[in-house]
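So that we are looking at the same thing, I have put the structure below in structure tokens.
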2 protein chains.
Amino acid sequence: MDALKQMIHTQGHVVNEHVLKVDSFLNHQVDPALMQQIGAEFARLFKDEHITKVLTVESSGIAPAMMAALCLSVPLVFARKNKSLTVHNDLFVTKIVSYTKGEQSEIYVSKKFLSPDDNVLVIDDFLANGQVALGLLDIITQAGASLAGIGIVIEKSFQPGRQLLIDKGIRVESLAQIQSLQNGTVTFL
Amino acid sequence: MDALKQMIHTQGHVVNEHVLKVDSFLNHQVDPALMQQIGAEFARLFKDEHITKVLTVESSGIAPAMMAALCLSVPLVFARKNKSLTVHNDLFVTKIVSYTKGEQSEIYVSKKFLSPDDNVLVIDDFLANGQVALGLLDIITQAGASLAGIGIVIEKSFQPGRQLLIDKGIRVESLAQIQSLQNGTVTFL
């Protein structure tokens, strides 16, 4: 997606060979017009999949996922983090390991909002190690729902997430695929 | 705003006389078409204010705030929570007291995204005690920016937040004002 790649080139900041900072248009400050284009592109890519819900996780996934849900005319559900989960009865809960932070956390979705009738499009801002996507897939599986595919805004293609998902037979659509962040430069695939 | 009030009546769940659950359309599952109407209404209310940025706090504020920012053609900034803030140099940080949870937390905005040139519209999903709004106001003040007003999706008018903000001379626009949640029923002002 050219507008996104252009934005990454002009506004992205390569912190090191693993980290690209996009807080000026995606995950702290957000460019709403770009989010609208991103949502429209996800909707175009998955328009024949009979999506019933878009699923993401708070917080950075919400903006692009909501625009996709708006374009597809379906509800958005965002999984929540960090709750002290004493009672699990009415929630689908899964654990996510963060390699970057070296910690484990729980995310959850209320059982009210996913059912076996649902065909779910997962949207997230980044794909790196794929642990968040796998966590959302686990929640979808617990609900007995179907996963139609995964839409990613920025994929770090030099990390193993994409292959991990592809190996499970999952359709992955990434709007920008980054081959490398070496030498302080973004190189797209 | 009639569509919102209608949704609160049909989908809202009165947990007790202080708590209204709206997780089926606002803060867990999200109705994108309703968010679009909400965003358009905020944009209409503040259209003459020369807004340069919309500011909210993660996570539940993001969806309505992004639609308002889209309609106003300005960037959205969402304040972040829960970071272990060892270095504060490049951040505006403020403390927020949650009466419901009885705890204090920090929220922050990168100094890159607010400046004295900004005229900011604050958007949030709920107004109750007003502590989040005051925290965002503190961040705006630290930045030397101006606050144009505060747009709230659901105001619990029986709690002191609105008066606290009005007493500071702040314009508060709430799309649904709830007078009472007594007897398991939502009564609008």
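The values are calculated or read from the model by the stated rules, or taken from the named source; none is laboratory data. Bear in mind the structure is a predicted one, so any value in this text is a computation, not a measurement. Ideal geometry is used to build each Cβ from the backbone, glycine not excepted, and the neighbour counts take in all protein chains shown. The accessibility values were calculated without ligands, DNA or RNA, using every heavy atom of the protein model including side chains. Shrake-Rupley method; radii C 1.70, N 1.55, O 1.52, S 1.80 Å.
Filtering segment A:51-61 down to residues that are of a type in the set (Ser, Thr, Tyr) and surrounded by 21 or more Cβ atoms within 10 Å (Cβ to Cβ), which residue is nearest to A:Phe92 (Cα to Cα)?
If we take residues in segment A:51-61 being of a type in the set (Ser, Thr, Tyr) and surrounded by 21 or more Cβ atoms within 10 Å (Cβ to Cβ), then A:Thr56 is nearest to A:Phe92 (Cα to Cα).
Still on this model: May I ask you to verify whether B:Ser115 is open to solvent by less than 50 Å² (accessible area, probe 1.4 Å), in contact with a helix residue (DSSP H, G or I) (Cβ under 8 Å, 6 or more places away or on another chain) and among the small types (Gly, Ala, Ser)?
no
Are any residues in segment B:51-75 within 9 Å of chain A (Cβ to nearest Cβ), over 12 Å from the mean Cα position of the chain (by Cα) and either of a type in the set (Ser, Thr, Tyr) or part of a strand (DSSP E or B) (or both), and if so, which ones?
B:Lys53, B:Ser73
Here's another thing I want to ask about it. Residues of segment A:118-165 being open to solvent by less than 40 Å² (accessible area, probe 1.4 Å) and of a type in the set (Asp, Glu), which ones?
Scanning segment A:118-165 gives A:Asp118, A:Asp124, A:Asp125, A:Glu155.
Of (1) in contact with a Ser or Thr (Cβ under 6 Å, 6 or more places away or on another chain); (2) among the hydrophobic types (A, V, I, L, M, F, W, C); (3) in contact (Cβ under 8 Å) with a residue 60 or more places away in the chain, B:Ala65 satisfies all except one. Which?
(3)
Under 9 Å by Cβ, and 6 or more places apart or on different chains, what pairs join a residue from segment A:166-189 that is without any contact (Cβ under 8 Å) to a residue 24 or more places away in the chain with one that is acidic (Asp, Glu) and open to solvent by less than 20 Å² (accessible area, probe 1.4 Å)?
Pairs found: A:Gln177/A:Glu155.
Here is a further query. Going through segment B:123-173 one residue at a time, which ones are over 25 Å from B:Gly102 (Cβ atoms) and among the polar types (S, T, N, Q)?
Result: B:Thr141, B:Gln142, B:Ser146.
Here is a further query. Taking only segment A:23-50 into account, find how many residues are more than 8 Å from every other protein chain (Cβ to nearest Cβ), buried (at least 24 other Cβ atoms within 10 Å of the Cβ) and outside any helix (DSSP H, G or I).
Residues meeting the conditions: 1.
Then there is this: Of everything in segment A:67-90, what is modelled with pLDDT of 95 or more and over 19 Å from B:Lys81 (Cβ atoms)? Give them in sequence order.
Correct list: A:Met67, A:Ala68, A:Ala69, A:Leu70, A:Cys71, A:Leu72, A:Ser73, A:Val74, A:Pro75, A:Leu76, A:Val77.
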